[in-house]
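Shown next, in structure tokens, is the structure this report addresses.
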Amino acid sequence: MDITTPPSPETIALKKKKINWIYEIRQYGAALVVAAPVFTFLSLFIFYRRGYYDLYIANKAFAGTAAILLGIVLLIGPLSRYFAFPDRYIQYRKELGIIAFFLALIHAVVSLFFLPSHFPSVIFFGTFNWDFILGMIATVALFVLFLISFERVADAIGRKRWWWMQNWGIRITFTLVFLHVFLMKWSGWIAWYKAGGSNRLAHPELPGGGLLVGWFMAFVVFLRLAEFLGPRFFRAAWYVSVVALPAIYIATFWWGMQFAK
């Protein structure tokens with residue numbers, strides 16, 4: 001009779017801590033497949049609109065991509081509760097969120113230290129600036145969510161508490177990002193709808209990349225609020241939104257044609 005010695009607690013713990021690198025590469029690879037095209041599109045679009053590309057434009061693309069990824073993370077959950085098609089994507093929410101954090105961190109660092117001509121320190125520290133405060137709080141909140149995203153932390157604090165922190169943390173963070181973007185950009189968006197972009201732009205008839213991101217963020221907020229009113233209302237809001245959002249984009253580009261040089 002073959003008697004096998006049961007593994008020790010230390011051996012079991014070691015196996016749990018071992019990282020499956022193939023799995024991790026596959027997960028982050030899938031998340032990058034989403035993030036890279038978004039960043040590329042925003043970079044090319046803003047480059048075409050402005051006629052040049054530099055760190056300032058890349059920084060805008062970093063911020064816009066982070067906001068869109070956070071919006072996708074927020075949408076996957078409720079959509080998977082009412083529709084079947086998002087189920088396969090639930091497993092990538094963590095990786096999408098972590099990539100969004102690093103993009104937001106890059107955006108914050110570049111804005112603070114590498115673009116003094118666009119963001120002088122007096123804007124951040126010389127006055128009480130809500131845009132800056134909300135953006136920094138959102139970045140810190142993402143950092144906290146990143147720190148507690150690891151399995152060891154989840155096991156230490158308990159899965160139920162960990163899930164609650166992640167669930168509400170991403171909602172609060174997206175709200176902060178939403179307010180950061182809208183408070184900073186709202187007046188410029190209204191000005192564009194009234195008179196188009198600056199004459200210094202290569203294509204002032206095109207909306208800013210931030211405006212495209214802003215409409216998507218509004219779409220996310222609308223759907224998340226609709227969920228509180230019940231499943232039927234959420235489903236109706238989804239069907240309306242998937243038609244309304246492209247229609248808004250088309251109408252925005254059509255409206256901008258009157259401002260063409």
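The values are calculated or read from the model by the stated rules, or taken from the named source; none is laboratory data. All of these numbers come straight from a predicted model, not from anything done at the bench. Ideal geometry is used to build each Cβ from the backbone, glycine not excepted, and the neighbour counts take in all protein chains shown.
Just a few scattered comments:
- Restricting attention to region 76-97 and to residues that are assigned to a loop (DSSP other than H, G, I, E, B) and among the aromatic types (Phe, Trp, Tyr), the residue that is surrounded by the fewest Cβ atoms within 10 Å (Cβ to Cβ) turns out to be Phe85.
- Against the criterion of being under 17 Å from the mean Cα position of the chain (by Cα), within 25 Å of Phe150 (Cβ to Cβ) and modelled with pLDDT of 95 or more, Leu42 does not qualify.
- Matching residues, region 200-227, being in a loop (DSSP other than H, G, I, E, B) and touching a residue at least 12 places away in the same chain (Cβ under 8 Å): Leu201, Ala202, His203, Pro204, Glu205, Leu206, Pro207, Gly208
Residues checked against (1) β-branched (Val, Ile, Thr); (2) under 18 Å from Leu70 (Cβ atoms); (3) in contact with a helix residue (DSSP H, G or I) (Cβ under 9 Å, 6 or more places away or on another chain):
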position	(1), (2), (3)
Ile148	yes, yes, yes
Gly158	no, no, no
Met165	no, yes, yes
Ala191	no, no, no
Asn199	no, no, no
Gly210	no, yes, yes
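- In region 79-97, the residues that are in contact with a Leu (Cβ under 7 Å, 6 or more places away or on another chain) and either free of Cβ contacts under 8 Å to residues at least 40 places away in the same chain or under 12 Å from Phe234 (Cβ atoms) (or both): Pro86
- Consider region 121-155 and keep the residues that are assigned to a loop (DSSP other than H, G, I, E, B) and within 20 Å of Trp168 (Cα to Cα). The one that is modelled with the lowest pLDDT is Phe150.
- Condition broken by Val221, with the remaining ones in (1) under 23 Å from Leu42 (Cβ atoms); (2) at pLDDT below 95 satisfied: (2)
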